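The values are calculated or read from the model by the stated rules, or taken from the named source; none is laboratory data. Note that this is a predicted model, so its numbers are computed, not measured. Quick reminder, even Gly has a Cβ in these numbers, built from the backbone with ideal geometry, and neighbours come from all protein chains shown.
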Amino acid sequence: MKTIDTSNPEDVARAFTDYINTLSNQEKSLAKALHNSHRTLQQSVMRVFLQFVELLDDDYKNNRFDARNETSCELANIIMKKTDEIERSLPFI
C-alpha cells in the first residue's frame, strides 16, 4: 500500500480521487463519514469544497470543460452566482 504524504496536497488529492474512483455509488457513505468528523474539520472541508467550486466556475467561464465535467462546472457557476464572497468565506473557529 502506498504511503500518503499528508503534507503534500497532490498526494492527498490523488488518494481522495483514487478513493472516489472506486466508490461504486457510495458517495453518500463518504459524505456521511466527512459529516461525522469534528465540526471544525467539517468547516475546513467545506472551505476546500468551495475553493473547488470556484475553480470549476472559472473553468466554466473560460470554456475549459468537456462532457465529463460540464454539469459540475455549470452547477459551480450557479452556486457562485447565488452566493457572494462573504457567504463563501468560512471562518476558522
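Annotations for the structure displayed:
- Selection from the range 7-32 of residues that are modelled with pLDDT of 95 or more and exposed (fewer than 10 other Cβ atoms within 10 Å of the Cβ): Ser7, Glu10
- Scanning the range 62-77 for residues being of a type outside the set (Ser, Thr, Tyr) and either at pLDDT below 95 or surrounded by 13 or more Cβ atoms within 10 Å (Cβ to Cβ) (or both) gives a total of 7.
- Condition met for Val53 (free of Cβ contacts under 8 Å to residues at least 12 places away in the same chain, assigned to a helix (DSSP H, G or I) and in the same structural domain as Arg88 (by TED's automatic domain parsing)): no
- Apart from one condition, Thr3 fits all of (1) of a type in the set (Val, Ile, Thr); (2) touching a Phe, Trp or Tyr at 6+ places or on another chain (Cβ under 9 Å); (3) not in a helix (DSSP H, G or I); the exception is (2).
- Boolean, Glu87 is farther than 22 Å from Ile4 by Cβ, modelled with pLDDT under 95 and in a helix (DSSP H, G or I): yes
- Residue count for the range 35-62, restricted to those that are basic (Lys, Arg) and within 19 Å of Cys73 (Cα to Cα): 2.
- Summed over the range 47-74, the residues that are more than 18 Å from Glu87 (Cα to Cα) and β-branched (Val, Ile, Thr) give a count of 1.
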